[in-house]
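Peer 1: Before anything else, here's the structure in question.
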Amino acid sequence: MSVPLPTAETRWRCTLCGNLTRFDVTRQAKVVEYVHLDLAGEPKVEEREVLSESIESVRCRWCNAVDQIELVDRPGASA
């Protein structure tokens, strides 16, 4: 089941326990990164371009429910 990303007007909510704030999100992404290595060899990503991204699953951190996440309106979003 694909779960849509929240927008400026919506947010996630667990339909089982009502959680609005804590989720484990599994994503698949294809990105291009500009990586700068310092003289010691430590990498630092300085630029990141997301070519494609999809959410595979969202799990509620409170009750561990999977595939029970819905989009609901954010407070004041309709104003």
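The values are calculated or read from the model by the stated rules, or taken from the named source; none is laboratory data. The structure displayed is predicted, hence computed values, not measured ones. Note: ideal-geometry Cβ built from the backbone for every residue, glycine included; neighbour counts use all protein chains shown. To get the accessible areas, we keep the full protein, side chains included, count just its heavy atoms, and leave off ligands, DNA and RNA. Shrake-Rupley method; radii C 1.70, N 1.55, O 1.52, S 1.80 Å.
Peer 1: With point charges of +1 on the Cβ of Lys and Arg and -1 on the Cβ of Asp and Glu, referenced to the Cα centre of the chain, which listed residue (37, 15, 57) lies farthest in the positive direction of the dipole?
Peer 2: 15
Peer 1: If you roll a 1.4 angstrom probe over the protein chains with everything in place, what fraction of the accessible area of the chain belongs to carbon and sulfur, to the nearest %?
Peer 2: The C+S portion of the solvent-accessible surface of the chain is 48 percent.
Peer 1: Convert 10 °C to kelvin, take the viscosity as 1.306 mPa s, use the Kirkwood radius over C-alpha pairs of the chain as Rh, and evaluate the Stokes-Einstein diffusion coefficient in µm²/s, rounded to a whole number.
Peer 2: 107 µm²/s
Peer 1: Running a GNM on the chain with Cα contacts under 10 Å, which residue among 61, 22, 48 ends up with the highest mean-square fluctuation?
Peer 2: Taking springs between Cα atoms under 10 Å, the residue moving most is 48.
Peer 1: Can you tell me which of 45, 66, 31 moves the most in a GNM of the chain? Springs connect C-alpha atoms under 10 Å apart.
Peer 2: Of 45, 66, 31, the Gaussian network model singles out 45 as fluctuating most.
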